[in-house]
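Trainee: There's a structure below that I have some questions on.
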Amino acid sequence: MTTKRWSVGALTMLALLASAAAPAQQVQPRPPHVRVQPHDAPQASAQALLPATQALYDGYVRAGKMPGIVGAFGIGELPTVFVSAGVISLDPGAARAGPDSLWRVYSMTKPITGMAAMLLIEDGKLSLDDPLSKYFPAFSKMRVLTSPDTSLETRAATKPITIRELMTHTSGIGYQINAKGPLLKEYERLGLVPATVNAQIEAQARRTRPATLAAFAERVAQAPLVAEPGTTWHYSMGLDVLAAVVEKAGGMPFERFVQTRLLDPLKMSSTFWQVPRRDVGRFATNYVFVEDKLSPLDPAARSPWLEPPSFPYGGAGLVSSARDYDRFLHMLQNYGTLDGVRVMKDETARLGMSNLLPAGVTFESDGQTRGFGAGGVVYTADDPSGASKGSYGWAGAAGTLALVDPARRFRSTIMVNYFPAEKWPLAKETFMALRRDAARLHGGRW
């Protein structure tokens, strides 16, 4: 899985929202138990302010490219603008997609897990360069595959895995989603499948998957590494293992730590490891494309996401809404504060969004060399896509996207649910539409 390109060139247009905004109806009624937030209202009319972006999203739905989509775009402390189209499933009577619809964000969980670990660094309970074996001694003597795609033959690792390497996918740990041959079979044998897909796959995964985060971490230590720690970027289960470290170092269950230190202070009341039954009516169905036709992969009403997971997957376990994830990004945009509440220190947020890769290691994406921070990509220079130096974010396996540009105080989230995520160039086309909207607001000039 690679990060999706996201652009932020429409900042000037967004800066005009406050003066142009007029109160507008939410696309989807807010559930009564979801709290109103200071930056929720008044909301500008997406149709009036962002007609090209709205038309793009309407066109996606009309063409059958997706049942529904929600974009959240914000700058500074101005009200977040939500652009929504379609419905959350193709079932008759399905709710319209909106800011409070629930989506499987999959790997967009990773930045939340990364920032949870950063809070423990802030507390002095964790260090970036701590060896993983300090928390799980089973990792003290790891072995490295000599031919990862074809054989399970190994040699002894010469370096210890560190917390930094878990955060940045440089630990040498692999992932079931990109493993091949004998290694893939070994992961399946060990039950190293830290994600929920649908009822059928979940029933099979639970036969061998460990039942706790700590047991999962111990099981990962039994698997060989795909590379020497600290030498190469390889997408991994590192953030799931990091969740186990947070649990141990934080002295409480991982999900409780995330809830008390991040979700509750940020008032992210629509972000869950398990979707409450009361909220199934706003939970999107996940689809898979069979050629160019949508087929339901995980119907919301029968989804295993309605049941407790084996353990909270730090790499891919969360469901969230566009409104909630925007609040997480908004806090990072402000280097740790939101609505007057300080969630983390300024230096903690800056460190988490900085390039934490080990010396000599780079991350290549979209033909560009970038860095990697606490669970997300870091733009180490102004990017051709429009993202400025210091931008940070990540994407999810079912098409979701998120990025924050603290230098320009801009943030963006896109919520959809279908496989494969790369089916449509959402980020590129959204940016182009935002550019057209900006040009219109500038009287034809960009």
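Bear in mind that the values in this text are calculations on the coordinates, not laboratory data. Since the structure is predicted, the reported quantities are computational estimates derived from the model, not experimental observations. Reconstructed Cβ throughout: ideal geometry from the backbone, glycine too, with neighbour counts over all protein chains shown.
Trainee: Using only Cα atoms, figure out Rg for segment 197-314 and give it as a multiple of 2.2 N^0.38 Å.
Mentor: Rounded to two decimals, the normalised Rg is 1.25.
Trainee: For the chain, just list the percent of Cα-Cα distances falling in each 20 Å bin from zero outward, please.
Mentor: Percent of pairs per bin, in order: 27, 59, 14, 0.
Trainee: Please say if segment 308-446 is rounded, prolate or oblate, where rounded means a/c under 1.5 for a ≥ b ≥ c the square roots of the C-alpha gyration tensor eigenvalues, and otherwise the choice is prolate for a/b larger than b/c and oblate otherwise?
Mentor: On the way: a/c = 1.29, a/b = 1.19, b/c = 1.08.
Since a/c stays below 1.5, the shape of segment 308-446 is classed as rounded.
Trainee: In nm, give the distance between the simple-model label positions of residue 339 and residue 381, each being 7 Å from the Cα along the Cα-to-Cβ direction.
Mentor: The two pseudo-label positions are separated by 4.1 nm.
Trainee: Under a Cβ-Cβ cut-off of 13 Å, what is the net charge of the residues other than residue 151 that fall near it, where Lys and Arg count +1 and Asp and Glu count -1?
Mentor: That works out to +1.
Trainee: Can I ask one more? What pairs from 159/185; 267/345; 185/293; 293/423; 389/423; 134/345 go past 21 Å between their alpha carbons? Before the final figure, lay out the partial values.
Mentor: Working: 159/185 26 Å; 267/345 18 Å; 185/293 31 Å; 293/423 11 Å; 389/423 28 Å; 134/345 25 Å.
Result: 159/185; 185/293; 389/423; 134/345 exceed 21 Å.
Trainee: Now for a separate question. Between residue 252 and residue 91, with labels modelled 7 Å along Cα→Cβ, what's the label distance in nm to one decimal, could you check?
Mentor: 3.5 nm
Trainee: What shape does segment 129-256 have by the C-alpha gyration tensor, where a ≥ b ≥ c are the square roots of the eigenvalues, rounded means a/c under 1.5, and otherwise prolate means a/b greater than b/c and oblate the rest?
Mentor: Since a/c reaches 1.5 but b/c is at least a/b, the shape of segment 129-256 is classed as oblate.
Trainee: Here is a further query. Once the dipole of the chain is set up with Lys and Arg at +1 and Asp and Glu at -1 on Cβ about the Cα centre, which of 208, 103, 169 lies farthest towards its positive end?
Mentor: The listed residue farthest towards the positive side: 103.
Trainee: Based on the Cα coordinates of segment 365-446, what is the per residue volume of their convex hull in Å³?
Mentor: 108 Å³
Trainee: Provide the gained length on full extension for the span residue 422 to residue 222, in nm with one decimal, where the gain is 0.36 nm per separating residue minus the Cα-Cα distance. All intermediate terms of the calculation are to be shown ahead of the outcome.
Mentor: Details: separation 200, 0.36 × 200 = 72.00 nm, distance 3.26 nm.
My answer for the length gained is 68.7 nm.
Trainee: For the chain, what proportion of DSSP beta bridges, expressed in % and rounded to the nearest 5, is antiparallel?
Mentor: On the way: 43 of 47 bridges.
Expressed as a percentage, antiparallel bridges in the chain total about 90.
Trainee: Over all alpha-carbon pairs of segment 124-165, lay out the pair-distance distribution in 5 Å bins, whole %, shortest bin first.
Mentor: Using 5 Å bins, I get a P(r) of 6, 22, 22, 20, 14, 10, 4, 2, 0 for segment 124-165.
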